[in-house]
Amino acid sequence: MDVRFICATNRDPLQEVAAGRFREDLYYRLHVIPIHMPALRERKDDVLILARYFLAKIAKEEGKAFCGLAPEAQDALLSFDWPGNVRQLQNVIRNAVVLHNGDQITVEMLRLPLKVGPPSPTMYPVPVPGRCGYPESIPPAANAGLKPLWLVEKEAIERAIDYCGGNTPRAAALLEVSPSTIYRKLKTWTSEGA
């Protein structure tokens, strides 16, 4: 049998070994031919190449007529930081193709978040009268004892990490999520100052 293992990670495996979060013997078994793949934000030249590839592929899958990206859409894609890397770019293009029709993806069709982290109150506008029967305004969530979902999630993760004595992989197992999910969220909250 001829077998080759290819592993990928968004963390430095040697640093994870030093921190006690990755087995050293496994590191040396896997670390034979390392290939460093920079994040999408570090290879801006690839953004439009990948976006065009995804657009052609997804438009064909969905039976849509899209065949290009408007100049403003290209500028928006190039200026975005892509914290979710290639998968996020693929999802943005899929969203635009599935929800719209036309021959070009316009900037209005792209759903790029303005920032990562806690949403601003204006990110999700309150419906106006006559639209879907909602009232003109909604009382503040704090009046009902509600918190933003990102804050509930943050508090749950912090409690789990404290409960596990700072061991993030154990906290992740307790919360039934991937450790990389917790590391990514912690990084986001730290960079946003949340």
Distance between modelled label sites at D81 and K187, nm, 7 Å Cα→Cβ extension
1.1 nm
Quick one: compute the contact order of the range 147-192, relative version, from alpha carbon pairs under 8 angstrom and 6+ residues apart, as a percent.
23 percent
What ranking do C67, C164, C7 get, fewest neighbouring Cβ atoms within 10 angstrom at the top?
C7, C67, C164
For T106 and Y53, extending 7 Å from Cα along the Cα-Cβ vector and measuring point to point gives, in nm, a value of 2.9 nm
Neighbour-count ranking [beta-carbon atoms within 10 angstrom, fewest first] of M109, M1:
M1, M109
Computed over the Cα atoms of the range 1-90, the Rg and Dmax in Å are 18.2, 52
Residue-span extension gain [L30 to W150] - 0.36 nm each, minus C-alpha spacing
39.6 nm
For the range 1-99, what is the relative contact order in percent, using Cα pairs closer than 8 Å and at least 6 residues apart in sequence?
27 percent
Theoretical gain in end-to-end length, E62 to N10 [0.36 nm per residue, Cα-Cα removed]
15.6 nm
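Taken together, the values in this text are just the output of simple stated rules run on the coordinates, not laboratory data. Bear in mind that the values here come from a model prediction, so they are computed numbers and not experimental data. For neighbour counting, all protein chains shown are included, and Cβ atoms are generated from backbone atoms with ideal geometry for every residue, glycine included.
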